[in-house]
Amino acid sequence: MSEPLIYHRVEFKPADPSERLRDSIGGYPYLPKGMDYPACSCGKRMNLYFQFDLREEFGLPFETGSHLAVFMCEACNDQADILYDSFYLNEAKAQTQDQLRANYWDLNGIQDEDGWNRFYRIMLIRPGGESDFLAPEEFIQPCSLEFTKEVETGTEDPDEEPFDEDDDDEPVMKEIAVEAEPGLPGTSTNPWARRCCSREFKVGGQPTWGGDTDPPNKLLCSCGAPMGFVCFVPDELLFPNDRTLVYTWEGVGTLFTGLCVYILACRAQCHPFAVYPVTQP
């Protein structure tokens, strides 16, 4: 018997700047010992946008306790583009599946005549090793994260079957039940379908592929394992500024210049950096 798909809505509120949180916007990065803040190609230290631990109740196909950390250079934020459509695909990919290039996590930016401008780093770190908190993020106001379980509901895209027709023979979005993979209540049985579901800051659930671009076609990691959906960051989500030491939502803007961001990771977790952002308008 199929199970309903769940997701966890992510909410946040200002935190004590001295508190070391593993689930945070800004704050103190929690990384393996010996690992420092990633550096942008422009020479600046990247900013910690958010981080959190993966819990068992999320129902995702990753090791419980793995730690997701999302860094990007705030100064180079405006260089983001539709990354999926750019340059990551394996030239030898199968016709029915898209496969990422070897070491795609080191091609994490925009390519121009001068080479690669690497302006972001996303990592999913397995539990078990020694980790510690780094010095605090200096630009983004620290916030604590809270997760609320929800049941995913949605509708099919009216440009695809099945759909209903109204009296004027116009396509009408048809409500559907969204199903979870057996044993993984937070993972959709078909994450690549064009479905209209919740579009809030969330962990797990059904990606809602919007805009004019198509979703990936069963995207594979370079190791051959499928990429799994981790979380969604909507285009209107603003990150608070801490530059003036006053709590304000001005100055940082959104992740990847106001694009919707779908964060996918290798389900085999073959490498801590085997994480890929698909961006859409």
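No value in this document is a laboratory result; all are computed from the given coordinates. Computed from a prediction, not measured in an experiment: that's the story for all the values here. Using ideal geometry, Cβ is built from the backbone for each residue, glycine included, and neighbour counts are taken over all protein chains shown.
Quote the FRET efficiency, to the nearest 0.05, computed for Glu19 versus Thr155 with a Förster distance R0 of 45 Å and r equal to the Cβ-Cβ distance. Don't skip to the end; give the middle numbers.
Values: r = 41 Å, r/R0 = 0.91.
Here the calculated transfer efficiency is 0.65.
Quick one: if the Förster radius is 35 Å, what FRET efficiency do Arg194 and Cys223 give, using the C-beta to C-beta distance and rounding to 0.05? Intermediate results must be reported in sequence, preceding the final value.
Working: r = 27 Å, r/R0 = 0.77.
Working from the Cβ atoms, E equals 0.85.
Under a point spin-label approximation (7 Å from Cα along Cα-to-Cβ), what is the Arg55-Ala102 distance to one decimal in nm?
4.1
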